[in-house]
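The values are calculated or read from the model by the stated rules, or taken from the named source; none is laboratory data. These figures come from a predicted structure and were not determined experimentally. When we count neighbours, we look across all protein chains shown, and the Cβ atoms used for this are built from the backbone with ideal geometry, even at glycine. Areas reflect the complete protein model, heavy atoms only, side chains present, ligands, DNA and RNA absent. Shrake-Rupley method; radii C 1.70, N 1.55, O 1.52, S 1.80 Å.
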Amino acid sequence: MDERVKQYEAKMQKAYDFLLSDYAGIRAGRANPHVLDKIKVDYYGTPTPIQQVGNISVPEARMIQIAPWEKNLIKDIEKAILASDVGITPSNDGSVIRLVFPELTEERRKDLVKEVKKKGEESKVAVRNIRRDGNDAFKKLAKTEISEDEIKQLEEELQKVTDKFIKEIDKAVEEKSKDILTV
């Protein structure tokens, strides 16, 4: 594959990876520790990811348990969770914090699937924009450095990469939707 196409492939990969990390934060009725990934706790004046101030476990299908390494962090962790968009009220027994995920209603599941599809579409748009940028850059090269046949070849390579990522995004959307709708 041409180096000039590879740089656009790397950008498309980043867009796809971003989508997957976004999907990891969408809860599908089961407890998923990734919903805590974006939450930061005030640890001695420094915003620190929850994963770095305690042990996170999933003792039951719909519960996340956080055992802070320092007991005095419990209040700070609770505050950070309440301030986040997780939408679950933490409970603690003095040594661990528990997040109990309620069962998702049918309506909520359908809303989540819509959100998943919307994020998938946004990701496809990002990939297509990257392709457009690549094609524009190739056309600029035509005026000085390379022949029209080479441009056609670069555009075809870029289109194949684009198709590959669109297919991957569709697959990710389908898997996440199925995951959410599975009761």
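Quick look at the numbers
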| item | result |
| --- | --- |
| Complete set of residues in the range 135-179 that are open to solvent by less than 30 Å² (accessible area, probe 1.4 Å) and outside any helix (DSSP H, G or I) | Ile146 |
| Residues satisfying the stated conditions in the range 90-106, i.e. open to solvent by 20 Å² or more (accessible area, probe 1.4 Å) and touching a helix residue (DSSP H, G or I) at 6+ places or on another chain (Cβ under 7 Å) | Asn92, Ser95 |
| Counted residues, the range 1-55 - those being free of Cβ contacts under 8 Å to residues at least 40 places away in the same chain, outside any strand (DSSP E or B), more than 21 Å from Ser177 (Cα to Cα) and open to solvent by less than 40 Å² (accessible area, probe 1.4 Å) | 2 |
| Residue among Lys143, Lys164, Lys171, Lys160 that alone is at pLDDT below 90 and among the basic types (Lys, Arg) | Lys143 |
| Criterion: loosely packed, with under 14 Cβ neighbours inside 10 Å, basic (Lys, Arg) and not in a loop (DSSP other than H, G, I, E, B) - qualifying residue of Arg132, Arg109 | Arg132 |
| Count of residues meeting criterion [farther than 11 Å from Ile39 by Cβ and touching a residue at least 12 places away in the same chain (Cβ under 8 Å)] in the range 79-89 | 1 |
| Single residue of the range 56-89 satisfying the filter (under 12 Å from Val41 (Cβ atoms) and in a loop (DSSP other than H, G, I, E, B)) that is least open to solvent (accessible area, probe 1.4 Å) | Ser84 |
